[in-house]
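A short worksheet on the structure shown next.
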Amino acid sequence: MARLYHWRWYYSIPSLVLWVVTVLAFILIKANRNPQALLILVPLLIVNVLWLVFRKAMGFRSADAEMFGMVFHSLAVGITVLWLLANRLCNRNPLVTFLLAFVIMAVLGLLGAVSYVGLEFSPRTIGGLTLLGMLASAMLLSFGLTAWRCQNRYTGLRFVLYLAFWTAAVWLATALIFFSIVLVIYRPPIPLFAGMLQLLVVGSVLGVCVYVLVFPYLILALVDPFFRQRFYACLRLKNKNIEKCPENM
């Protein structure tokens with residue numbers, strides 16, 4: 001028996017809007033009209049390969065694959081665009097930098113949702129956007145806390161290790177806060193200890209995923225002078241090789 005399906009043009013090109021934004025970040029920002037800026041595509045390629053391996057290993061259902069794909073691509077492209085716009089974010093108050101970075105991630109999250117599902121937001125899509133917001137805010141907070149601990153004694157290894165610590169700490173705190181809210185609002189019919197243990201496990205897994213996602217970008221910032229300059233300036237790190245981030249580029 002024949003069935004009627006409603007097809008939308010964006011079904012065949014998910015995340016197209018996100019890639020358009022990435023290309024515009026190269027074209028419209030003068031400082032990115034530099035062959036060295038293209039190096040940001042290397043970590044973007046790496047995390048996309050890791051995502052394909054992870055998705056295949058997990059064997060997601062179609063609906064789950066779409067939601068997690070939206071979350072992943074929005075987050076990955078968001079990190080890429082943040083690095084491309086970093087020269088516009090540096091030399092500001094740290095709180096302002098954090099808020100601007102979060103706004104950029106939020107906008108790209110919405111664009112990613114529109115790219116995947118159009119304007120018909122389902123509860124699943126809203127759940128995906130909520131997860132994306134948690135991932136983005138936890139990631140930015142982890143970077144901020146790491147920069148705070150490394151401002152006066154900075155080395156690349158120290159930053160990498162502190163970022164791992166703060167990523168784990170932030171996600172464990174997030175899991176505990178989230179469980180407390182769920183417990184008060186929904187009163188789930190599971191034992192308190194079992195529920196906390198489940199969320200701690202989920203929080204740890206998400207923390208590892210976030211760290212793996214940002215690690216290739218972090219390595220690029222540590223080894224490449226073009227992005228290292230932005231890395232130092234945005235996070236206010238002190239090093240003898242730091243140069244002031246140009247504001248007018």
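Read the figures in this text as sums done on the coordinates, not as results from a lab. All of these numbers come straight from a predicted model, not from anything done at the bench. Cβ placement follows ideal geometry from the backbone for every residue including glycine, while neighbour counts extend to all protein chains displayed.
For the range 12-235, what is the relative contact order in percent, using Cα pairs closer than 8 Å and at least 6 residues apart in sequence? Intermediate values should be presented prior to the final figure.
Working: 188 pairs, mean separation 59.8, N = 224.
Once normalised by length, the contact order is 27 percent.
Multiply the residue gap between residue 34 and residue 93 by 0.36 nm, knock off their C-alpha separation, and tell me the result in nm, one decimal place.
On the way: separation 59, 0.36 × 59 = 21.24 nm, distance 2.72 nm.
Extra length from residue 34 to residue 93 when fully extended: 18.5 nm.
Arrange 103, 77 by Cβ neighbour counts within 10 Å, fewest through most, would you? Please report the intermediate quantities before stating the final value.
Numbers: 103 10, 77 25.
Neighbour counts put them in this order, fewest first: 103, 77.
Which FRET efficiency, nearest 0.05, do residue 148 and residue 23 yield, Cβ-Cβ r, R0 35 Å? List each step's numbers first, then the result.
Values: r = 34 Å, r/R0 = 0.97.
Approximately 0.55, to the nearest 0.05.
Hey, how much of the P(r) for the range 12-235 falls beyond 24 Å, as a percent of Cα pairs?
46
Return the distance in nm (one decimal) between the two label points of a simple spin-label model at residue 176 and residue 164, each offset 7 Å from Cα along Cα→Cβ.
2.2
Got a sec? How would 19, 166 order by Cβ neighbour count within 10 Å, fewest to most?
Fewest to most other Cβ atoms nearby, the residues stand as 19, 166.
Sort 104, 27, 79 so that the residue with the fewest other Cβ atoms within 10 Å of its own Cβ comes first and the one with the most comes last. Walk me through the intermediate numbers first.
Working: 104 19, 27 9, 79 24.
Least to most surrounded, the residues fall as 27, 104, 79.
Over all directions, the average projected area of the alpha-carbon convex hull for the range 99-147 comes to how many nm²? Let's see the in-between values first.
On the way: hull surface 13.2 nm².
Computed as one quarter of the Cα hull surface, the answer is 3.3 nm².
If you place +1 on the Cβ of every Lys and Arg, -1 on the Cβ of every Asp and Glu, and leave all else neutral, what size is the dipole of the range 12-235 about its Cα centre, to the nearest 20 Debye? Write down the numbers at each step before the final one.
Working: 14 positive and 4 negative charges, 100 e Å.
Value, rounded to 20: 480 debye.
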